[in-house]
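Structure, as structure tokens:
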Amino acid sequence: MSQNLTEKLIASHLVSGEMVKGNEISIKIDQTLTQDALGTMAYLEFEAMGVERVKTKLSVSYVDHLMLQEGFENSDDHKYLSTVAAKYGVLFSKPGNGICHQVHLERLTRPGWTLLGTDSHTPTAGAVGMLAIGAGGLDVAVAMAGGAFFLTYPKIVRVNLQSKLHPWVTAKDVILELLKKLTAKGNVGSVLEYGGPGILTLSVPERATITNMGAELGVTTSLFPSDQITRAFFRAQGRDADWAAFQPDPDARYDHTIEMDLDGIEPNIALPHSPDKVKRIREVEGTPVDQVLIGSCTNSSFRDLMTAAAMLKGKKAHPAVSFGVAPGTRQVLRMISANGALTDIVDSGARILEPACGFCVGNGQSPHSGAVSVRTNNRNFEGRSGTQNARVYLVSPESAVAAALTGKITDPRDLGMDYPSIQQPQHFFSDSSMFVPPTYTDGVFRGPNMGTPPCNTPMPQRLNAVVTIKLGDQITTDHIIPAGSVGRYRSNIQKSSEFVFKNIAPDFAESCETAKARGLSSVIVAGVSYGQGSSREHAALCPMYLGVRAVIAKSIERIHMANLINFGIMPLIFKNAEDYERIQSGDELQISETHGQLRKPEMVVENRTGQLTFAVCHSLTPRQVEIVLSGGLLNHVGQS
């Protein structure tokens, strides 16, 4: 039978389950990646499993998020990560080597393999035909220990690209156009496969921009085939032996097909505060700009920075604009240093930032109060920049340079210059000296800020709880547990828990403690698309620590739902959306016979304050039900 890319990848890695849409399946994981903001807890969880060595073909620990070493906490976590990697057989990428997704794309991807990462933008590697999926740290720890990764067999959508892009229109504009069409909601459980003649006009870095921001759609992952364009990229990286052709069968079938004419796309921009709030730049041009930042795992490739350098050559950034550029990897920084492009960027007045996530995750370069910041990264959630009332817009590097030069949001086609023609180099700079192979020696370093993974208690037969907070739609993991400087406490759950909902409900942690004192658990009530954004499991782990036992929402995003399950929190969905309006913060709820009820697709919740009952449902598999009832995955594994 003919197969598409997703079917081929899943079939060759299937461990359990049937390949039927909506079924739970499990697959073998070839590679894992972690980054320091979320990896520290993942390795603590791995250590708790008592496994002597990682059992994947390759596991890599990257340091790229928590690079502001203004206290001992981040440095201590980095030292822990290097020593735990040495002991258990993990390749360690030193600080300064670059952003995990870009480094992995350049140096370690393998077409036809699977990759699981503690970061929602892990699907970047789908640009070269990998089944690359973002997940919570505990799921990645299980994979490192040799366990399978469980997921729902997806709906497979073909995105058929026709024609080619006009000058000044980019891969970033393509994914923004798709976000405009599909939005960030309603795409859970889907995989996007790109095909059609238009893909032959896109380089691997351009494909990576598209697969990277597929995470903002909420899909499981995104995929391009591995073809001659992929092979040329691998050859230029000195990795021809790692390349393999990987194509869908000519008569492969899909659940749905989306037609996109590249010829009809214009420069796009995502408005605050969501990546799917997309308009054509022409619709908002003229808006004064205070800050412009180029970089992140979405747009920091050699091609991106060479394009920016060519546009900036001989020109100066507008005097009112704070302008910064961050190469994605040490490879990119080395190459633009050698060929003079870095000089052109510096001469324009740009600040050169280190190869790291940096501003994208709120670690540095926070704009001033109320500022307009135009950026090339993938998310513009409220407060994510580190400034709560800043307005962040997402654009391509070309459009970012246009804003930097003019001091206002500008369609780059109006600059009156020829579009730079950037060719892929025949040979990329190759140096693996900042990868540290494991030595298999003991002596794991643990700083005073580091704790242990807290375990939940089994789900009580009768849950008495209070609605500690009621939220609206599209609550992101940044709302739940902020990014930025708070990241220094990622290995300290007790301290991290103080920051849950800090920017929207500063007293949340105190309210949970008050509920505990009354002998009550806590429940979070939310609207549509709760938990979108990052894969950070702390958005479930910290609420669990505070006593949250259920989230009741109109819908919950994929990675966050998995994290809730992993930490023993019931992810429940209103059967009737109007029941959301009948619950208020402070209401006391009761769920009787939770063990029996959770084993059925529907449950009854009693609102004792409002003197009413309402129905909730869930999509948990029998395996997931038992995990929740056990109090989380660590408990469940310990019992099996």
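The values are calculated or read from the model by the stated rules, or taken from the named source; none is laboratory data. Quantities reported herein were computed from a predicted structural model and do not represent experimental measurements. Neighbour counts run over all protein chains shown; Cβ positions are idealised from the backbone, glycine included.
Numbers below:
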{"quantity": "Sole residue being in contact with a helix residue (DSSP H, G or I) (Cβ under 6 Å, 6 or more places away or on another chain) and at pLDDT 95 or above, chosen from Ser348, Ser369", "calculated": "Ser348"}
{"quantity": "Hits in segment 567-593 - residues which are out of contact with any Lys or Arg (no Cβ under 9 Å at 6 or more places or on another chain) and of a type in the set (Asp, Glu)", "calculated": "Glu578, Asp579, Glu581"}
{"quantity": "Whichever residue in segment 399-417 is assigned to a loop (DSSP other than H, G, I, E, B) and not acidic (Asp, Glu) and, among such residues, is surrounded by the fewest Cβ atoms within 10 Å (Cβ to Cβ)", "calculated": "Gly416"}
{"quantity": "Qualifying residue in segment 19-30 (condition: β-branched (Val, Ile, Thr), in the same structural domain as Gly146 (by TED's automatic domain parsing) and touching a Lys or Arg at 6+ places or on another chain (Cβ under 7 Å))", "calculated": "no"}
{"quantity": "Residue in segment 182-202 that is part of a helix (DSSP H, G or I), under 19 Å from Pro397 (Cα atoms) and within 17 Å of the chain's Cα centre (by Cα) present", "calculated": "no"}
{"quantity": "All positions within segment 567-616 that are assigned to a strand (DSSP E or B), among the β-branched types (Val, Ile, Thr) and either closer than 24 Å to Leu633 by Cα or in contact with a His (Cβ under 7 Å, 6 or more places away or on another chain) (or both)", "calculated": "Ile573, Ile591, Val616"}
{"quantity": "Residue within segment 312-326 that is aromatic (Phe, Trp, Tyr) and closer than 20 Å to Gln35 by Cβ present", "calculated": "no"}
{"quantity": "Within segment 63-99, tally of residues that are of a type in the set (S, T, N, Q), closer than 18 Å to Gly362 by Cβ and part of a loop (DSSP other than H, G, I, E, B)", "calculated": "1"}
{"quantity": "Of residues in segment 373-396 being in contact with a Gly (Cβ under 9 Å, 6 or more places away or on another chain) and not in a loop (DSSP other than H, G, I, E, B), the one nearest to Ile504 (Cα to Cα)", "calculated": "Arg391"}
{"quantity": "Segments classed as helices (runs of 4 or more DSSP H), wholly inside segment 436-522, with at least 2 members that are among the acidic types (Asp, Glu)", "calculated": "508-517"}
{"quantity": "Filter result for the condition that a residue is part of a loop (DSSP other than H, G, I, E, B), hydroxyl-bearing (Ser, Thr, Tyr) and not assigned by TED's automatic domain parsing to the domain that holds Thr477, over Thr109, Thr124, Thr209", "calculated": "Thr109"}
{"quantity": "Flag for Ala320 being under 15 Å from Asn377 (Cβ atoms) and in contact (Cβ under 8 Å) with a residue 24 or more places away in the chain", "calculated": "no"}
{"quantity": "Of the criteria (1) assigned to a loop (DSSP other than H, G, I, E, B); (2) of a type in the set (S, T, N, Q); (3) buried (at least 17 other Cβ atoms within 10 Å of the Cβ), which one Ser619 fails", "calculated": "(3)"}
{"quantity": "Test: residue in segment 607-617 that is within 25 Å of Thr477 (Cα to Cα) and either hydroxyl-bearing (Ser, Thr, Tyr) or not assigned by TED's automatic domain parsing to the domain that holds Gly186 (or both)", "calculated": "yes"}
{"quantity": "Output for segment 10-24, where each listed residue is assigned to a helix (DSSP H, G or I) and within 19 Å of His256 (Cβ to Cβ)", "calculated": "Ile10"}
